[in-house]
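Student: First the structure, then my questions, so here it is.
The numbers here are math on the coordinates, done by the rules we state, and not lab data. Since we're looking at a predicted model, the values are computed, not measured. Cβ placement follows ideal geometry from the backbone for every residue including glycine, while neighbour counts extend to all protein chains displayed.
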Amino acid sequence: MSNRVVEGRMVTAESLAELIEGESPMEATEIEDADRECPDCGGNVLTVGYMPSVTSFVTGYKCQDCDWHDSEAE
Ligand SMILES: [Zn+2]
């Protein structure tokens, strides 16, 4: 299942990465459930890996219920 609902909207891996990064990634992996809860609202957190540029890979996290998000560059 590649499409998930975030803040009431259906997102793909690419559009989820765009919500986290603020711009479209070059590439994005599948959306998965992160093994953590949102620090703001306790909601379910999704994770997606994406490449903002050819030389970088980022793991992004996004709450399904509020606008909290985080990212870790590798
Ligand atoms: Zn939240």
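Student: May I ask you to list the residues in region 1-23 that are of a type outside the set (D, E, K, R) and surrounded by 13 or more Cβ atoms within 10 Å (Cβ to Cβ)?
Tutor: First pass over region 1-23, keeping only residues of a type outside the set (D, E, K, R): 1-3, 5-6, 8, 10-13, 15-17, 19-20, 22.
Passing the criteria: V6, V11, T12, A13, S15, L16, A17, L19, I20.
Student: Still on this structure, I have one more. Which one is farthest from T59 (Cα to Cα) among residues in region 6-20 that are in contact (Cβ under 8 Å) with a residue 40 or more places away in the chain and either out of contact with any Gly (no Cβ under 7 Å at 6 or more places or on another chain) or of a type in the set (V, I, T) (or both)? Talk me through it step by step, then tell me what you get.
Tutor: Looking only at region 6-20, we keep the residues that are in contact (Cβ under 8 Å) with a residue 40 or more places away in the chain, and these are 6-7, 16-17, 19-20.
So of that shortlist, the ones also either out of contact with any Gly (no Cβ under 7 Å at 6 or more places or on another chain) or of a type in the set (V, I, T) (or both) come out as 6-7, 16, 19-20.
Working: V6: 17, E7: 20, L16: 12, L19: 13, I20: 10 Å.
It comes out as E7.
Student: Might you let me know whether region 37-54 holds any residue that is touching a Phe, Trp or Tyr at 6+ places or on another chain (Cβ under 8 Å), within 13 Å of the ligand (Cβ to nearest atom) and of a type in the set (D, E, K, R)?
Tutor: Yes: one or more hits.
Student: Between a first residue in region 44-67 that is basic (K, R) and a second residue that is more than 8 Å from the ligand (Cβ to nearest atom) and not in a strand (DSSP E or B), which pairs have beta carbons less than 8 Å apart while being 6 or more apart in sequence or on different chains?
Tutor: K62/L16; K62/L19; K62/I20
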